Amino acid sequence: MKVGFIGLGRMGAGMAANLLRAGHEVAVYNRTSSKVQALVEHGARAAARVVDACEGDAVITMLADDGAVEGVAFGGMGIVGSLGTGAIHISMSTISVALSQRLAAAHTSAGQRFVAAPVFGRPDAAAAAKLFIVTAGAAQALEACSPLFAAMGQKTVSIGDEPPAANLVKLSGNFLLATVIEALGEAMALVGKAGVDPRRYLEVLTSTLFTAPMYRTYGELIAAQRFEPASFAAPLGHKDIRLALAAAEALRVPMPFASVLHDRFLTLLAHGGEALDWSAIGHLAAKDSGQATA
């Protein structure tokens, strides 16, 4: 397929590279143009403007937040104003349900198609084409995009024909991940203050009842206090919990744990954690308990 890719951060760069490896014709755009060069050397075409990435069958956005997506989607030279009739905007960013609704409506009005396809996985999974992709949109649009998803992920699951549903699922998933991080941090602080080795404790957990990869991945980061460089920065985690709470408020669904997580991220950021991985909230309980920190 002929596809544009907008957003070449730690996730997007690996995803775009995998599209090239799969034989797709890829035009790449990034606000920081220096990030484009490595992909150009592997066969991508550099797009000088957003509009230049919108000349094919589809354009993918993989950006940090609602503001970044709005910035490339709307306006005369944005995606909505530039895509051809019937072309597809595939939003793979973690964005709000409200923005997904706006994008779906705008693309429909413009005679285009919109697919939400947020992903689960950290940058190493993106580079290895091992992402889990959650999709929603019209069935024909999803079918047209399937070769792209196959090139970037190990599994794609469709939620239905309404794009905002995929964004809600992604936000709910990140809420669950953050809950695990906080719970692990509290449990490890409890046994750690009693003198139990955190790595030995983690071995007990992950070899018995808690075998899901998230426990090992985040437990090891907390045990080692290895929060830099950030694979998923704390401000993004804070953003996702805020978006989950906004969706919950719109649907009138109480989420007490999400409110706790919002405050934990706020605490981390208030103490200078802007550059840390979001898993750093898992170390707050140890600090609160007076345990020595590295």
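Data for the structure
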item: In sequence order, calculated HN-Hα J values of the range 100-110 (Karplus, 6.51, -1.76, 1.60; Hz; x Gly/Pro); result: 4, 5, 4, 5, 4, 5, 5, 5, 4, 5, 8
item: Among 196-202, 218-224, the order from most to least packed when residues are scored by Cβ within 10 Å on average; result: 218-224, 196-202
item: Karplus 3J(HN,Hα) series, Hz, for the range 204-216 with 6.51 cos²θ - 1.76 cosθ + 1.60 (x for Gly, Pro); result: 4, 4, 7, 9, 10, 8, 10, 8, 4, x, 4, 5, 6
item: Phi to ³J(HN,Hα) by Karplus 6.51 cos²θ - 1.76 cosθ + 1.60 over the range 168-184, Hz, x for Gly, Pro; result: 5, 4, 5, 5, 5, x, 5, 4, 5, 4, 5, 4, 4, 4, 5, 5, 4
item: Among (i) 53, 48, 41; (ii) 60, 49, 27; (iii) 64, 46, 35, the entry derived from the coordinates for Cα extents along the principal axes in Å; result: (iii)
item: Reachable lysines from residue 35, criterion Cα separation under 19 angstrom, eight or more residues apart if same chain; result: none
item: MRE, 222 nm, helices only [DSSP H, n ≥ 4, -39500 (n - 2.57), over the chain, to nearest 500]; result: -15500 deg cm²/dmol
item: Segments 136-145, 50-59, 245-254 sorted - mean Cβ within 10 Å per residue, highest first; result: 50-59, 136-145, 245-254
item: For residue 162, distant residues with modelled amide H under 5 Å away; result: 137
item: Ranked packing of 37-43, 226-232, most packed first, by mean Cβ within 10 Å; result: 226-232, 37-43
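Throughout, read-outs are computed from the coordinates displayed, never taken from laboratory work. These numbers come from a predicted model, not from an experiment. Here Cβ is always computed from backbone atoms with ideal geometry, including for glycine, and neighbour counts include all displayed protein chains.
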